[in-house]
Amino acid sequence: MPHEEKLKIGVLIKRFVSTGGAERYALEITRRLALQHEVHVFAQEWAFQGPENILFHKIPKFVTKPSWLNQILFSYSCSKAIGNTFDIVHSHEKVTQFDVMTIHSPCFRSSITQEKRWWKRMLIWSAVAFSPRKMAWLWLEKKQFTSSTRKKLFVAVSGNVKRDVQANYPLPDACFHIAYPGASRDMRNTGHASMNLKNARAKLGISEDEVVVLFVGTEFRRKGLDALLNGFALIPHSRTKLVVAGGGGGKIKRYMQLAKQLGLSEHVLFLGLVENVKELYAISDAMILPTLSDPWAMAPIEAMLCGLPAAMSSSEYCGAAEYIRGGEALIIRNPRNPHEIAETLSKLMDKDLRAELGRKGQALAEELTWDRTAASTLSAYQEVLRRKRLEQRL
């Protein structure tokens, strides 16, 4: 990261921990910014043991549920705690006071505006008036995207997220920076030579000569597991295993039953939550994620970094796909179509194609580092400071 003037930065995040997409993102860039700047984290909880000098400030957690009330109270408490002593206030949460906000997910409003049928939209809007939860999230969202936006910058984790915001709120391109998430370098430390693959596979009931296709995701429905199982049922799978890692949001039994109905019980392994996913990358031959909605999607990029060939939904559904430039991964245009998924799986059975995708994908994933993410974020800070100084001179 280039040398800049030392800044006093306030970071707002409810949970400063290494688990969870937004939380991991916030932790990785914050610790890098702390190498050069004075960084204060305002959080309800944290678990950090790194060498970086980060100052923590406790934001009280008055309630856990409902989540919308906790969010409003967090926003209010942060606005009182940060005062006017920071050069930059950077939020990773829906709050009302900030200079820079990283947007990790699509707008709440999108769940209404994406409905194509006008009468259904009218019904949804009517229901909003009777839902404190929906009204609270819409109020917070409107405040962050419409109040004094001339002085703020939004850092989107992908172009997909940026386009979603602009479809709901009339913000110009000048209000946005994009900072793609990084891929952890330690994923590469678990190369195939670092573990006995034959024994590791045997523990899972997988033979040495079977082709293992990996799916990683917690929300099975949103991540596209329904169509994946139906697509997997359409291809010859006598020497193929589909390994499913993730808790399934408490619905893993439903998907195990679906696999049974499709005659796949012996060919699909449901592992539940897995602490060390990188070991699964090492024993797999390919990775697939036909997600229906993902602002970025870390798993396929991490898999590519490990040298695995990957297949993912198109950029309409998956932010990471917009980074695929020259065939570094297979793109699923319609992740709801089991036949297209079956065609993608059939391509992944080709050993030569897997080797080519693995090489090209790994080279591309090497470009995505957390240092690069932090540098892009710092660039947004400098733009905000430039605008503040310009306003002071007017």
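Of 378, 353, 390, 385, which residue is buried (at least 18 other Cβ atoms within 10 Å of the Cβ), of a type outside the set (Phe, Trp, Tyr) and either in a helix (DSSP H, G or I) or under 20 Å from the mean Cα position of the chain (by Cα) (or both)?
378
Would you point out which residue out of 153, 138 is farther than 20 Å from residue 59 by Cβ, crowded, with 16+ Cβ neighbours inside 10 Å and free of Cβ contacts under 8 Å to residues at least 40 places away in the same chain?
138
Just one of the numbered conditions (1) in contact (Cβ under 8 Å) with a residue 12 or more places away in the chain; (2) more than 18 Å from the chain's Cα centre (by Cα); (3) in the same structural domain as residue 226 (by TED's automatic domain parsing) is not true of residue 302; which one?
Failing condition for residue 302: (2).
If you check residue 44 against the conditions, is it more than 24 Å from residue 382 (Cα to Cα), without any contact (Cβ under 8 Å) to a residue 40 or more places away in the chain, crowded, with 16+ Cβ neighbours inside 10 Å and assigned by TED's automatic domain parsing to the domain that holds residue 155?
Criteria met by residue 44.
State the number of residues belonging to the range 76-97 that are crowded, with 22+ Cβ neighbours inside 10 Å and within 10 Å of residue 59 (Cα to Cα).
Adding up the residues that qualify gives 1.
Going by what's in this entry, would residue 373 be described as of a type in the set (Val, Ile, Thr) and over 30 Å from residue 37 (Cβ atoms)?
no
Within the range 254-272, track down each residue that is surrounded by fewer than 21 Cβ atoms within 10 Å (Cβ to Cβ), under 17 Å from residue 214 (Cα atoms) and either under 17 Å from the mean Cα position of the chain (by Cα) or among the small types (Gly, Ala, Ser) (or both).
265, 272, listed by residue number.
Does residue 112 fit the bill of being more than 30 Å from residue 100 (Cα to Cα) and either surrounded by 14 or more Cβ atoms within 10 Å (Cβ to Cβ) or in contact (Cβ under 8 Å) with a residue 12 or more places away in the chain (or both)?
Spelling it out, it is not the case that residue 112 is more than 30 Å from residue 100 (Cα to Cα) and either surrounded by 14 or more Cβ atoms within 10 Å (Cβ to Cβ) or in contact (Cβ under 8 Å) with a residue 12 or more places away in the chain (or both).
Looking at 198, 203, 251, which is the one that is over 19 Å from residue 310 (Cβ atoms) and under 23 Å from the mean Cα position of the chain (by Cα)?
From the options 198, 203, 251, the qualifying one is 251.
Please count how many residues of the range 333-350 are in a helix (DSSP H, G or I) and either assigned by TED's automatic domain parsing to the domain that holds residue 29 or of a type in the set (S, T, N, Q) (or both).
Number of matching residues: 2.
Here is a list: 96, 85, 102. Which entry is of a type outside the set (Gly, Ala, Ser), at pLDDT 90 or above and under 20 Å from the mean Cα position of the chain (by Cα)?
On inspection, the qualifying residue turns out to be 102.
Keeping to the range 224-253, report how many residues are modelled with pLDDT of 95 or more, among the charged types (D, E, K, R) and over 19 Å from residue 207 (Cβ atoms).
1
Going by the conditions given, is residue 235 among the aliphatic types (A, V, I, L, M) and closer than 30 Å to residue 147 by Cα?
No; evaluated as a whole, the condition is false for this residue.
The values are calculated or read from the model by the stated rules, or taken from the named source; none is laboratory data. As the structure is a computational prediction, the values presented were derived from the model and not from experiment. FYI the Cβ positions are ideal-geometry reconstructions off the backbone, even for glycines, and counts take in every protein chain you see.
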